[in-house]
1. Take the residues in the stretch 39-64 that are part of a loop (DSSP other than H, G, I, E, B) and under 26 Å from Ala17 (Cβ atoms); name whichever of them is nearest to the chain's Cα centre (by Cα).
2. Using beta carbons and a limit of 6 Å, which pairs, at least six apart or on different chains, have the first residue in the stretch 18-46 and surrounded by 12 or more Cβ atoms within 10 Å (Cβ to Cβ) and of a type outside the set (Phe, Trp, Tyr) and the second one in a loop (DSSP other than H, G, I, E, B) and modelled with pLDDT of 90 or more?
3. Are any of the residues in the stretch 67-89 under 17 Å from the mean Cα position of the chain (by Cα) and surrounded by 11 or more Cβ atoms within 10 Å (Cβ to Cβ)?
Amino acid sequence: MIETLKQMPIILPLRKAKFEKQFATHKIAHYFRGVFNTFEDACNSAPRTKPLGYDNADSAKMYKERLDKIYSTDYPVLFWMEKIKKDVSRVFDFEVI
């Protein structure tokens, strides 16, 4: 019943407007939205209030505390890396955009 109420024509636009405001202004949460056909479409949809991508000083600061602490979300990678540590001496992370 709650999900039905959330989708009502009167409620849904209010919820979307609230999310868009949070998406454009929030500094702590990591919000994501949309599926886009091209990278250009995604860039055009991004709020002008924030930089695109993570190649900037503010984004780098967001993860600084992760350098000195292990989080529960690190467990899957560490688990599987433990299994291959005898066979692997280097790890290279590469992403194609």
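1. We begin by selecting, within the stretch 39-64, every residue part of a loop (DSSP other than H, G, I, E, B); these are 46-56, 63.
Among the residues that remain, those that are also under 26 Å from Ala17 (Cβ atoms) are: 46-53.
On the way: Ala46: 13, Pro47: 14, Arg48: 17, Thr49: 16, Lys50: 13, Pro51: 14, Leu52: 12, Gly53: 10 Å.
Looking at the filtered set, the residue picked out is Gly53.
2. Taking only residues 6 or more apart or on different chains, the pairs are Ala42/Phe36.
3. Yes, the stretch 67-89 contains at least one residue that is under 17 Å from the mean Cα position of the chain (by Cα) and surrounded by 11 or more Cβ atoms within 10 Å (Cβ to Cβ).
The values are calculated or read from the model by the stated rules, or taken from the named source; none is laboratory data. This one's a predicted model, so the numbers in the text were calculated from it and none came from an experiment. Here the Cβ is made from the backbone with ideal geometry for all residues, glycine too, and neighbour counts use every protein chain on show.
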